[in-house]
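Accompanying notes for the structure given below.
The values are calculated or read from the model by the stated rules, or taken from the named source; none is laboratory data. It should be emphasised that the depicted structure is a prediction, and the values quoted were computed from it without experimental measurement. Every residue, glycine as well, gets a Cβ built from its backbone with ideal geometry; the counts of neighbours run over all protein chains shown.
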Amino acid sequence: MTAQEPTRPLRVAVVGGGPGGLATGIALSALPNVEVTIFEQATQLREIGAGVTIGLNGWRVLGLLGAADGIKGHRRIIVDHRDGLTGTLVGATASSFPPWYHPRRVRRMQLQSALLDRIPPGVIQLSKRLTALENRESGRVRLIFEDGATATADLVVGADGIRSVVRENIFPDHKTTFTGTTVWRTLIPWKSMDRFPELNHKTTWFHSPVGFVMTTPVDDPKEVDKDTDGLFEVSIRKWVDPKRLEVEKFRWGVDAVNEKVLSNFKEYGPLVQEVLSHVPEGVWKEYSTFAGPRLEKLTGWNKVVLLGDASHPLSGAFGSGAAFAMEDGWILARAIEHTHLNGNPTADSIAKALEIFDSIRSSYYLRMYDYIDLQERKVDGAKRNASAAGISEWEAQLRVTVNGMIGDGLPWIYLNDIGNVWKKYLKGEAGDSVVSPSFDR
Ligand SMILES: Cc1cc2nc3c(=O)[nH]c(=O)nc-3n(C[C@H](O)[C@H](O)[C@H](O)COP(=O)(O)OP(=O)(O)OC[C@H]3O[C@@H](n4cnc5c(N)ncnc54)[C@H](O)[C@@H]3O)c2cc1C
């Protein structure tokens with residue numbers, strides 16, 4: 001840049017105002033000479049779904065975004081694992097982290113509000129449903145919205161979730177299909193769980209051969225009056241071979257009646273049956289999970305990037321997708337800061353930023369996919385060897401599943417320190433960025 005050239009800002013269009021889009025908006029708004037707009041299809045920002053788990057990886061990125069303090073929720077100090085068919089306790093984990101870093105199950109709305117509070121005024125445009133992108137000769141991208149409006153940007157961030165229109169535009173051959181897994185979730189009054197003293201104060205997983213029932217508080221009794229305002233989550237999922245089902249359309253957060261929900265969980269033991277029968281009519285929401293082939297690359301046209309669920313539809317595997325999406329947004333901002341260097345944006349600097357983002361995050365997601373594949377092979381192997389071990393195939397599967405969830409705790413996921421990931425990138429170092437929690441807060 002010569003001294004005469006006025007500096008022009010880098011114009012970034014973020015599509016989607018979920019955890020990934022909001023985190024990107026916060027991190028980019030803090031950079032000089034970057035103009036960011038979030039285009040969200042909803043008429044108002046309200047998070048659907050019940051609770052969300054925030055582990056140490058999530059707390060760390062929320063801390064970097066300045067959004068951790070407003071979030072409370074249930075401290076998941078003890079987590080029980082039960083055989084859902086019999087109700088028998090088969091394992092338990094206890095968090096040994098310092099109190100601030102305990103994993104928490106929180107109302108999704110609280111996470112949304114904490115992120116929204118950090119977004120500067122004027123950044124979000126609501127009722128803007130993206131329908132298409134055009135790769136313009138000018139080097140920019142044109143965004144076309146359902147209401148006929150258009151916008152242009154130097155860089156487009158696809159944070160538009162599992163059914164991403166941005167992804168469809170840069171990878172038109174990539175198709176998502178129904179996985180066979182349907183999820184139902186609800187929040188009920190915490191007080192209504194008083195009749196289940198073995199469940200009402202902790203997180204419990206009831207596993208079955210084709211899914212689970214998870215019950216957990218989502219509030220901190222120090223913050224909320226448990227008996228009047230406290231909420232408790234019931235989140236359940238079932239897999240049915242998709243070839244046996246016809247799902248005509250994507251169902252996300254639609255109402256489901258109790259009879260239909262309960263009919264899918266008849267094989268569970270009496271404790272689960274009783275819990276489900278106490279969920280009031282009219283509060284279940286149903287979600288059909290979709291997935292597509294794994295993407296080799298998260299960027300296209302050298303100026304479009306996918307993050308969060310748009311880039312890796314993991315259908316809730318690892319229970320940490322919101323943290324992954326926020327980590328993506330924070331790393332993208334670091335890559336832009338590193339290459340943009342407060343000067344005029346150039347095609348090269350944008351392409352370089354995306355290359356850095358892709359090199360850090362693609363390999364991380366690849367490791368998750370490899371882990372999922374390994375778990376599947378372990379379950380298959382354990383089932384094959386079950387009769388020789390004198391146990392049923394289901395018992396063999398249960399052991400692998402519970403060991404996978406208790407095991408070594410997957411530190412490269414749940415203890416991931418995204419700030420350290422970036423420091424290591426700058427030093428050219430490879431390997432894990434696991435940093436154990438300290439009593440520093
Ligand atoms: C059943 C289930 C359970 C889960 N449990 C957990 C959990 O316990 N912990 C956890 O961390 N994660 C969990 N996840 C994952 C988590 O919900 C997601 O990973 C996370 O919400 C992803 O954030 P995102 O911003 O990428 O996408 P989303 O949250 O999907 O947000 C996408 C946004 O884009 C908007 N949008 C979509 N299309 C358009 C368009 N064309 N134009 C404009 N806007 C658009 C949407 O309205 C939405 O606001 C779970 C997921 C599932 C399915």
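Selection within the stretch 17-47: residues that are among the aliphatic types (A, V, I, L, M), surrounded by fewer than 19 Cβ atoms within 10 Å (Cβ to Cβ) and more than 9 Å from the ligand (Cβ to nearest atom). The member of this set that is farthest from M326 (Cα to Cα) is L31. What number of residues within the stretch 114-125 are part of a loop (DSSP other than H, G, I, E, B) and surrounded by 14 or more Cβ atoms within 10 Å (Cβ to Cβ)? Of the residues in the stretch 114-125, 3 are part of a loop (DSSP other than H, G, I, E, B) and surrounded by 14 or more Cβ atoms within 10 Å (Cβ to Cβ). Residue pairs whose Cβ atoms lie under 7 Å apart, sitting 6 or more positions apart in sequence or on different chains, and linking a residue in the stretch 284-311 that is on the phi > 0 side of the Ramachandran plot to a partner that is near the ligand (Cβ under 10 Å from one of its atoms) and assigned to a helix (DSSP H, G or I), are G308/P19; G308/G20; G308/F324; G308/A325; G308/D328. Within the stretch 67-84, residues that are within 18 Å of F232 (Cα to Cα) have Cβ atoms under 6 Å from residues that are modelled with pLDDT of 90 or more and among the hydroxyl-bearing types (S, T, Y) in these pairs: R76/T203; V79/T203; D80/T204, counting only partners at least 6 apart in sequence or on another chain. Looking only at the stretch 353-367, decide whether some residue is touching a helix residue (DSSP H, G or I) at 6+ places or on another chain (Cβ under 6 Å) and modelled with pLDDT under 90. No; the residues of the stretch 353-367 include none that is touching a helix residue (DSSP H, G or I) at 6+ places or on another chain (Cβ under 6 Å) and modelled with pLDDT under 90. Restricting R105, R140, R167, R163 to residues that are near the ligand (Cβ under 8 Å from one of its atoms), of a type outside the set (S, T, N, Q) and buried (at least 16 other Cβ atoms within 10 Å of the Cβ) narrows the list to R105. Within the stretch 58-84, the set of residues being more than 9 Å from the ligand (Cβ to nearest atom) and assigned to a helix (DSSP H, G or I) comprises W59, R60, V61, L62, G63, L64, L65. Within the stretch 266-315, restricting attention to residues that are closer than 22 Å to V61 by Cβ and assigned to a helix (DSSP H, G or I), the residue that is nearest to the ligand (Cβ to nearest atom) is G308.
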